[in-house]
Structures are given as structure tokens and as C-alpha cells.
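First, the structure itself, so that you have it in front of you.
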Amino acid sequence: MRDTIIELKEIARDIRIEIIEMLYGTGMDYKGHPGPALSIADILACLYFNIMNIDPLKPQYADRDRFVLSKGHACPALYATLAKKGYFSRDHLNTFRHIGSILQGHPDMRKTPGIDITAGSLGHGLGAGLGIALAGRLDKRKYKTYVILGDGEMQEGLIWEAAMAAGHYGLNNLVAIIDRNRFQSCDSVECTIDIEPLFEKLESFKWKVIKIDGHNIEEILSALSLTEVNEPLAIIADTVKGKGVSFMEEDNSWHQKPIDEDQYHKAIKELKEGKL
């Protein structure tokens, strides 16, 4: 287990490095989303390199587990993960947001191998995941559907309609992971519209709810390994926006901001030399 945790920490660090490389490579004219991408690297590492039943050589395999990045603006983290897993060449990361690239500013299932659902407009991912999970049950498939949500988008009404339906149908093949970094685009979540008590709300919608440290590999693996008989699973993952880069951590100006040369070199140095 210890070796697995160390390996997943290394993968998460590689994902973070690729995020910085991608966003720096787009130039100063593009305001990327480093903060929201960096906060989910550990979760993606656990999902794609330990938990999910997937095969990059068969990206449309009918019984594969599905993944929905509802907070689609954090796609650099997903693209880095997919490239490392082998869905496409790492060379494509250098073309992020370029004309003709397979890597758009938000996930596009028509362009990118490994993307199960197009995302971008916030609040829609859980509903999409609900539909995918229901289809799996109807088709008697054994796959699970995993959805990463931003805590800011938990303010959206559609999220709660989907949560109500998932609880009603007892979809134990649906897992929602809330990236609880406590910030959204312009302010803190609490100052915009407070979503607490989140745990109790989800529980009242007939979900099994667990709260974890979203950067603790052992806690992430333990939560994702839970099997519920008649309930969907909600994991509230406490995270740090901008995790891994000191001048980005908890600084919400990095929700959407270009990276200059000095910042790029400092970020890469910190990530490469930082403790796992």
C-alpha cells in the first residue's frame, strides 16, 4: 500500500507540472484556470491509476467506467491525466487551445480520446452522470460513473434535481466528488451563496456521504473503494485551490490568470523539488 501511495503522489505531481506547462504554453493572451486544475490532481491520479476500470487502447469499451468533469474549466488536469494514462501522445499537450487541437478549453467528447461527456456550462455534469448511471443499470452493465463537481456549482438548481433523482433511484453506480476548495470564479463560495450544511443536504437526498482530505491519497482511495448497496456516493473532498504552487495556493486571483515566465519557472521548481 505504501508503494502505491508514493506512486500516486508522484503521478499527481506530474499532472501538476503538466498543468503549469500547458497553461504557460498558451501565452499571456489566454487566462487559463490553474487554481481549479491544481486542486483535483490527487483525485484524478487515484481515479485513473488505481480505481477506474478503463483501457486507453479501447476508449469506447462498453463496460468501462465513465468519468465526467463537470467543472470543465479545470480540463488541463484531465488532459494531463489522459496523456499520462496513454489515451493520446503527450505531444498534444503542447497544442492546448490551439486551432485544430484535440484539446479544447473545455472537454469535448467529439475531439478528445478518453472524454466521456462534453462539459463547460457549469451545473450540468451531475445530471449527465445520472443519465449515464441509469443507462448502465438499464443495460445491465457493471460500470461506475464518477463525477467531479466544483463546490461553486453546487449552487446550481440542476445539481439538486439530479441529486434528488439519484437518491430516489438508489444509484449505487454513481459517485459524486465535490472539489471543496471554497472558492469560485469571483469570490469565496460562502460569500457568493453559502452551500452549507452540504453533508446534511446530500444525506437528506438519500446519498451516502463521506468527507475527506482531497490531497490525502490514502483517504481518497478508501473513499472511492466504498461500495453502497442502495445509495449513490458523495465524497466531499476538502482541497486547496492552486495546490502545490505556493503563490497560487488560496489566492483566488489564480482562478483564471495567465502565467508569466518568472512565475512559470518558480512554479515548476517548487513542484519538482517539493515534498511528496
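With respect to the numbered conditions (1) part of a strand (DSSP E or B); (2) of a type outside the set (Phe, Trp, Tyr); (3) more than 23 Å from residue 133 (Cα to Cα), which one is the sole condition not fulfilled by residue 250?
Among (1) part of a strand (DSSP E or B); (2) of a type outside the set (Phe, Trp, Tyr); (3) more than 23 Å from residue 133 (Cα to Cα), residue 250 violates only (1).
Here's a follow-up. Quick one: count up the residues across the range 88-116 that are closer than 22 Å to residue 62 by Cβ, more than 17 Å from the chain's Cα centre (by Cα) and touching a residue at least 24 places away in the same chain (Cβ under 8 Å). Before the answer, list the steps.
Filtering the range 88-116 down to residues closer than 22 Å to residue 62 by Cβ leaves 88, 107-116.
Retained after the next criterion (residues that are more than 17 Å from the chain's Cα centre (by Cα)): 88, 110-111.
Among the residues that remain, those that are also touching a residue at least 24 places away in the same chain (Cβ under 8 Å) are: 88.
The number of residues fulfilling the criteria is 1.
OK, next. Considering only residues of the range 66-110 that are of a type in the set (A, V, I, L, M), touching a Phe, Trp or Tyr at 6+ places or on another chain (Cβ under 9 Å) and part of a loop (DSSP other than H, G, I, E, B), which is farthest from residue 146 (Cα to Cα)?
102
Among the candidates 236, 210, which residue alone is farther than 17 Å from residue 39 by Cα and either at pLDDT 95 or above or in a strand (DSSP E or B) (or both)?
Working: 236 fails: farther than 17 Å from residue 39 by Cα.
Checking each option against the conditions leaves just 210.
Aromatic (Phe, Trp, Tyr), loosely packed, with under 14 Cβ neighbours inside 10 Å and over 30 Å from residue 164 (Cβ atoms): is that true of residue 87 in this structure? Reasoning before the result, please.
Details: aromatic (Phe, Trp, Tyr): yes; loosely packed, with under 14 Cβ neighbours inside 10 Å: no; over 30 Å from residue 164 (Cβ atoms): yes.
Spelling it out, it is not the case that residue 87 is aromatic (Phe, Trp, Tyr), loosely packed, with under 14 Cβ neighbours inside 10 Å and over 30 Å from residue 164 (Cβ atoms).
Listed residues 166, 119, 176, 128; which is in a helix (DSSP H, G or I) and buried (at least 21 other Cβ atoms within 10 Å of the Cβ)? Give the steps one after another, and end with the answer.
Working: 119 fails: in a helix (DSSP H, G or I); 176 fails: in a helix (DSSP H, G or I); 128 fails: buried (at least 21 other Cβ atoms within 10 Å of the Cβ).
None of the others qualify; the one that does is 166.
Right, next: Considering each of 198, 226, 221, 276 in turn, give the residue that is touching a Cys at 6+ places or on another chain (Cβ under 9 Å) and surrounded by fewer than 19 Cβ atoms within 10 Å (Cβ to Cβ). I'd like the intermediate steps shown before the answer.
On the way: 198 fails: touching a Cys at 6+ places or on another chain (Cβ under 9 Å); 226 fails: touching a Cys at 6+ places or on another chain (Cβ under 9 Å); 276 fails: touching a Cys at 6+ places or on another chain (Cβ under 9 Å).
So the residue among 198, 226, 221, 276 that is touching a Cys at 6+ places or on another chain (Cβ under 9 Å) and surrounded by fewer than 19 Cβ atoms within 10 Å (Cβ to Cβ) is 221.
Kindly establish whether residue 173 is more than 18 Å from residue 239 (Cα to Cα) and of a type outside the set (Asp, Glu).
Here the answer is yes, as residue 173 does meet what is asked.
How many residues does the range 41-65 hold that are outside any helix (DSSP H, G or I) and either of a type in the set (Asp, Glu) or buried (at least 24 other Cβ atoms within 10 Å of the Cβ) (or both)?
As a first pass, look at the range 41-65 and keep what is outside any helix (DSSP H, G or I): 52-65.
When the remaining residues are screened for being either of a type in the set (Asp, Glu) or buried (at least 24 other Cβ atoms within 10 Å of the Cβ) (or both), the result is 55, 63, 65.
Going through the range 41-65 one residue at a time, the tally reaches 3.
Hey, another quick one. Checking the structure you have, find out if any residue of the range 180-195 is in a helix (DSSP H, G or I), modelled with pLDDT of 95 or more and either over 23 Å from residue 72 (Cα atoms) or of a type in the set (Phe, Trp, Tyr) (or both).
First pass over the range 180-195, keeping only residues in a helix (DSSP H, G or I): 189-193.
Checking which are modelled with pLDDT of 95 or more leaves us with 189-193.
Next, from what is left, pick out any that are either over 23 Å from residue 72 (Cα atoms) or of a type in the set (Phe, Trp, Tyr) (or both): none.
So far as the range 180-195 goes, no, none of its residues is in a helix (DSSP H, G or I), modelled with pLDDT of 95 or more and either over 23 Å from residue 72 (Cα atoms) or of a type in the set (Phe, Trp, Tyr) (or both).
I've got another one for you. Residues being under 12 Å from the mean Cα position of the chain (by Cα) and of a type in the set (Lys, Arg): count how many of those fall in the range 54-85.
1
A follow-up question, please. So, residue 161, is that one over 19 Å from residue 38 (Cβ atoms) and of a type in the set (D, E, K, R) or not? Walk me through how you get there before you give the answer.
Details: over 19 Å from residue 38 (Cβ atoms): yes; of a type in the set (D, E, K, R): yes.
When the stated conditions are applied, residue 161 passes them.
Looking only at residues in the range 1-53 that are basic (Lys, Arg) and more than 15 Å from residue 221 (Cα to Cα), which one is nearest to the chain's Cα centre (by Cα)?
Applying the first criterion (basic (Lys, Arg)) to the range 1-53 yields 2, 9, 13, 16, 31.
The next check asks that each one be more than 15 Å from residue 221 (Cα to Cα); those that pass are 13, 16, 31.
On the way: 13: 15, 16: 13, 31: 19 Å.
If we take residues in the range 1-53 being basic (Lys, Arg) and more than 15 Å from residue 221 (Cα to Cα), then 16 is nearest to the chain's Cα centre (by Cα).
The values are calculated or read from the model by the stated rules, or taken from the named source; none is laboratory data. It should be emphasised that the depicted structure is a prediction, and the values quoted were computed from it without experimental measurement. Note that we place each Cβ from the backbone using ideal geometry, even for glycine, and neighbour counts take in every protein chain shown.
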